[in-house]
Amino acid sequence: RWVFDPKLQDRHGEGPYPLICRGVSYWEDAQAAPGSACSKRIFYGTADSDLWALDADTGKPCEGFGEKGRVELREGIGEAPAWEYHPTSPPQVMRDKVIIGALIADNVRVDAPGGVVRAFDARTGALAWAWDPVPPGYEVKHDPASGRHYASGTPNIWSIMTGDPERGLVYVPTGNPSPDLFGG
């Protein structure tokens, strides 16, 4: 029997947050032939910031999704230690999109990673859209040199999302922008 191992990066007890996963999401490909590989998928985010697609019947990674079943979620967020940015809740799957946010460590720094929510194509893993929760009138300054493509310090979406497939809406509960509880 096959048991999938995502080979998480060893965090050596870093950071204030426990390694948690609040669940996985299930999706069936209406366009795939019944019984074909990865026609039924399990999606989940790991503590080292990867989004995985697994065949629901075999547990094996879906080769056609991202890089051999995996999409790296750290792309575009800039420099951050593993404990400061990672998904903690299951992705929302709706209209053939896998939508995911991430925890961002509280009270650490002003320029913490941004709370971007991204949707990936459920078949290929290609980025479909990204929502960067910036205030109205805020100008996002991309810094390709640092690897940052999304605004820093924006509210994160670490909790469970919900969706309305009929309207095509995703509801995202946001946290606070960094530095969260600054008392100056």
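Answer yes or no: is there a residue in region 106-114 that is open to solvent by less than 40 Å² (accessible area, probe 1.4 Å) and either closer than 16 Å to residue 45 by Cβ or in contact (Cβ under 8 Å) with a residue 60 or more places away in the chain (or both).
Taking every residue of region 106-114 in turn, at least one turns out to be open to solvent by less than 40 Å² (accessible area, probe 1.4 Å) and either closer than 16 Å to residue 45 by Cβ or in contact (Cβ under 8 Å) with a residue 60 or more places away in the chain (or both).
Among the residues of region 87-105, write down those that are in a loop (DSSP other than H, G, I, E, B) and either among the charged types (D, E, K, R) or closer than 17 Å to residue 41 by Cβ (or both).
87, 90, 91, 95, 96, listed by residue number.
Test residue 43 against the criterion of being open to solvent by less than 40 Å² (accessible area, probe 1.4 Å), within 13 Å of the chain's Cα centre (by Cα), at pLDDT 85 or above and among the aromatic types (Phe, Trp, Tyr), and give yes or no. Spelling it out, residue 43 is indeed open to solvent by less than 40 Å² (accessible area, probe 1.4 Å), within 13 Å of the chain's Cα centre (by Cα), at pLDDT 85 or above and among the aromatic types (Phe, Trp, Tyr). Taken as a whole, the structure places residue 37 among residues that are more than 18 Å from residue 98 (Cα to Cα), of a type in the set (Gly, Ala, Ser) and touching a residue at least 24 places away in the same chain (Cβ under 8 Å). Scanning region 65-86 for residues that are among the hydrophobic types (A, V, I, L, M, F, W, C), at pLDDT below 95 and not in a loop (DSSP other than H, G, I, E, B) returns 77, 82, 83. Restricting attention to region 124-141, the residues that are among the charged types (D, E, K, R) and open to solvent by less than 50 Å² (accessible area, probe 1.4 Å) total 1.
Contact map, region 133-151: first residue at pLDDT below 75, second residue not in a loop (DSSP other than H, G, I, E, B), Cβ cut-off under 7 Å, separation 6 or more or different chains; pairs are 142/148. Just so you know, in region 115-128 the residues that are touching a residue at least 12 places away in the same chain (Cβ under 8 Å) and not in a loop (DSSP other than H, G, I, E, B) include one that is farthest from residue 150 (Cα to Cα), and it is 121. Scanning region 46-64 for residues that are outside any strand (DSSP E or B) and either surrounded by 21 or more Cβ atoms within 10 Å (Cβ to Cβ) or touching a residue at least 40 places away in the same chain (Cβ under 8 Å) (or both) yields a total of 9.
The values are calculated or read from the model by the stated rules, or taken from the named source; none is laboratory data. As the structure is a prediction and not an experimental result, all values here were calculated from the model. Here the Cβ is made from the backbone with ideal geometry for all residues, glycine too, and neighbour counts use every protein chain on show. Only protein heavy atoms, including side chains, enter the accessible area calculation; ligands, DNA and RNA are left aside. Shrake-Rupley method; radii C 1.70, N 1.55, O 1.52, S 1.80 Å.
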